[in-house]
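Mind looking over this structure? Questions follow.
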Amino acid sequence: MSDNNKIDSTTLSILLSSLLGVQNAIRAYDTKAQVVSIGFIFSLGLITTIGELAPEVPIYSLAFVILSWILGVVPVVLFGYVLYPSRSMAPKLGSKIDNLQRSYYLLVERYSNLDDYIEAFDQSDWKVELTYEIQKNSLLRDMKRKRFVGALVVAGISFALMFLLQLLRTIEIIP
């Protein structure tokens, strides 16, 4: 590694700490989505049991089945959507930087053998490499956060609609 590609230890420490924080936030959204979706699924069982206690009318059976699947499955799918985006799904940053080797996050298709990777590693400007990784991971984190909040909103709307439907059935507005 040439001298102009070295960075001081404070900058390196800050960059690595920032990258670790972003990666931890990404993992946290994955964990939150898993936990909340499992809680949502378990709560559907309770809601279904309560719904079964209300009188049923065959005319509305098909509508209730379809509606319950929409209200019950869509939030679970959206929580799964939080888990889906990977690093490759993060928005593209472009690479107008002359010395961006992309050597921090090893892509096997870019460096198919050890010699090529070692050469890229030696040419890497680590400030550029780490800031690229921080920004890439930050975009992924923000994507997961938006999807998680959206899934929570849809789950909340789903709960509210299920409550409203059950309430309307109990006061016999909906037979």
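Select, from Leu167, Leu139, the only residue that is assigned to a helix (DSSP H, G or I), modelled with pLDDT of 85 or more and out of contact with any strand residue (DSSP E or B) (no Cβ under 9 Å at 6 or more places or on another chain). Even if it seems obvious, please write down each step before you answer.
Numbers: Leu167 fails: modelled with pLDDT of 85 or more.
When all the criteria are applied, what remains is Leu139.
Hey, among the residues in region 132-174 that are in contact (Cβ under 8 Å) with a residue 12 or more places away in the chain and of a type in the set (Lys, Arg), which one's surrounded by the most Cβ atoms within 10 Å (Cβ to Cβ)?
Lys144
State whether one or more residues within region 93-100 are at pLDDT below 80 and either in contact with a Phe, Trp or Tyr (Cβ under 6 Å, 6 or more places away or on another chain) or assigned to a helix (DSSP H, G or I) (or both).
no
Another one. I'd like the full set of residues that are under 13 Å from Leu15 (Cβ atoms) and part of a helix (DSSP H, G or I), limited to region 113-135.
Trp126, Lys127, Val128, Glu129, Leu130, Thr131, Tyr132, Glu133, Ile134, Gln135
Further, regarding this structure: In this structure, does Tyr104 turn out to be surrounded by 15 or more Cβ atoms within 10 Å (Cβ to Cβ), modelled with pLDDT of 85 or more and part of a loop (DSSP other than H, G, I, E, B)?
Working: surrounded by 15 or more Cβ atoms within 10 Å (Cβ to Cβ): yes; modelled with pLDDT of 85 or more: no; part of a loop (DSSP other than H, G, I, E, B): yes.
So Tyr104 fails the test.
The values are calculated or read from the model by the stated rules, or taken from the named source; none is laboratory data. Values in this document were obtained by computation on a predicted structure and should not be read as measured data. Neighbour counts run over all protein chains shown; Cβ positions are idealised from the backbone, glycine included.
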